[in-house]
1. What area, in nm² and to one decimal, does the C-alpha convex hull of segment 109-197 cast on average over all directions?
2. Once phi is turned into ³J(HN,Hα) by the Karplus curve 6.51 cos²θ - 1.76 cosθ + 1.60 with θ = phi - 60°, what whole-Hz value does each residue of segment 41-58 show in order, with x for glycine and proline?
3. By accessible area of protein heavy atoms, probe 1.4 Å, what ranking do 210, 11, 273, 241 get, highest first?
4. Classify segment 54-181 as rounded, prolate or oblate from the Cα gyration tensor: take a ≥ b ≥ c as the square roots of its eigenvalues, call it rounded if a/c is under 1.5, otherwise prolate when a/b beats b/c and oblate if not.
5. Of 214, 236, which has the most accessible area and how do the rest follow, probe 1.4 Å?
6. Can you flag which of 154/255; 199/261; 87/199 are past 22 Å Cα-Cα?
7. Give me the net charge for the shell around residue 220: Cβ to Cβ below 13 angstrom, other residues only, Lys and Arg +1, Asp and Glu -1.
8. Highest GNM mean-square fluctuation, the chain, Cα pairs closer than 10 Å: which of 219, 121, 103?
Amino acid sequence: MQQMKSIFLKRGKEESLRRFHPWIFSGAIHHMSENPEEGETVMVFTSENEYIATGHFQIGSIMVRVLSFDNETIDQSFYERKLAIAKDVRHRIGVIGGNNNTYRLVHGEGDNLPGLVIDIYGNTAVMQAHSVGMHTDRMTIAKALKEVMGDDLKNIFYKSETTLPYKAELGQENGFLLGGDTDDIAIENGLKFHVDWLKGQKTGFFVDQRDNRSLLEHYSKGRKVLNMFCYTGGFSFYAMRGGAELVHSVDSSQKAIDLTKANVELNFPEDSRHEAFAEDAFKFLDQMQTPYDLIILDPPAFAKHKDALRNALKGYTRLNKKAFEKIQPGGILFTFSCSQAVNKDQFRTAVFTAAASAGRNVRILHQLHQPADHPINIYHPEGEYLKGLVLYVE
Ligand code: SAH
């Protein structure tokens with residue numbers, strides 16, 4: 001076997017690794033034995049030549065993403081062990097089985113596999129690499145995944161066209177690593193939906209809102225619901241099952257609206273309570289006349305990077321203010337941010353500012369976050385990204 005290349009840290013820069021933080025920044029590196037290729041697995045040593053970690057090398061501000069602190073070989077058997085643990089965790093927390101065949105099997109750092117995301121939809125896995133190392137290892141990971149999932153897995157669709165840096169140089173495409181089914185109907189908490197892993201956003205469906213959709217169901221009875229930024233309509237069909245009086249779904253993308261309609265039809269055929277509108281959120285909120293008393297705001301990430309933070313916070317305030325101005329007295333607002341760069345407190349302040357400037361009396365009923373199959377590695381708080389508030393508007 002080829003000798004792994006070595007990276008040596010500056011004095012003291014091993015501290016965060018001793019606390020199991022999985023990233024090594026470029027500024028921590030003293031020198032390298034030879035220049036590794038992007039995506040290559042490297043061994044990392046302290047300034048005292050002591051082994052400290054093994055990980056994927058990448059050019060950029062995060063230079064190494066740690067796969068192991070135990071000096072293991074990173075091969076198919078390594079990935080099988082990690083995937084088996086991830087699957088076992090999902091079993092133990094009750095995400096697999098029952099009336100649910102949709103879940104996140106691997107959530108990057110949260111499952112000690114930085115740069116890798118795998119979502120399961122019935123017998124299809126959709127795999128995304130967010131690092132060059134995971135892209136390089138994709139075939140090995142696919143084999144390990146098949147081994148761990150056995151007959152339950154028929155398709156593996158690899159979808160990294162938009163998630164990888166330097167994608168031009170990688171000559172990278174989306175495609176099947178196993179099987180070839182292009183569309184399927186998956187089940188979340190007993191509700192059905194089409195997943196389009198070929199063309200859909202992320203891995204095809206936003207599995208991270210499962211618990212929050214369930215909560216919404218409990219507040220829907222008799223309410224007039226506006227599901228803003230509906231995408232595939234997840235919140236809408238939960239609201240319908242919860243007994244909403246009417247449900248309006250809005251998204252600026254016509255394709256999202258078509259998906260929403262198809263999914264509502266799948267669960268509630270010919271149910272006249274639902275209508276969908278392809279419209280910009282801000283415009284819709286400005287012009288709307290319907291007296292909604294349950295509004296969901298689940299916009300795309302307003303800040304993809306730290307430098308966009310100020311504008312993102314203003315965007316959240318502007319959006320939420322419009323909802324506060326229009327929602328009926330006694331209304332309930334589910335409001336979210338999935339920007340990793342925006343933390344819980346900043347989001348809450350942005351929403352607070354919106355409530356104050358709309359002059360409404362607002363109570364926090366719930367503080368929401370990502371579900372258990374999107375775990376946060378306790379040594380990597382950066383893994384927390386989804387934040388939500390359920391608010392009672394007097
Ligand atoms: N709530 C969804 C996920 C939302 S993803 C779920 O539970 O699955 C964000 C959605 O916002 C995308 O579908 C995107 O098309 C839509 N979007 C982006 N900008 C928008 C805008 N200005 N107005 C309305 N929708 C917008």
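The values are calculated or read from the model by the stated rules, or taken from the named source; none is laboratory data. Since we're looking at a predicted model, the values are computed, not measured. As a convention, Cβ positions derive from the backbone with ideal geometry for all residues, glycine included, and neighbour counts pool all protein chains shown. Note: areas computed on protein heavy atoms with side chains; ligands, DNA, RNA excluded. Shrake-Rupley method; radii C 1.70, N 1.55, O 1.52, S 1.80 Å.
1. Values: hull surface 24.7 nm².
Its average projected convex-hull area is 6.2 nm².
2. Karplus-based 3J(HN,Hα) across segment 41-58 equals 7, 10, 9, 10, 10, 6, 5, 8, 6, 9, 4, 10, 6, 10, x, 8, 8, 8 Hz.
3. Working: 210 15, 11 185, 273 60, 241 95 Å².
Final ranking, largest accessible area leading: 11, 241, 273, 210.
4. Numbers: a/c = 1.85, a/b = 1.30, b/c = 1.42.
Oblate, because a/c is 1.5 or more while a/b does not exceed b/c.
5. Working: 214 35, 236 0 Å².
From most accessible down to least: 214, 236.
6. Where the Cα-Cα span goes over 22 Å, the pairs concerned are 154/255; 87/199.
7. Details: positive: 213, 221, 223, 224, 241, 273; negative: 217, 245, 293.
Once all neighbours under 13 Å are counted, the net charge is +3.
8. 219
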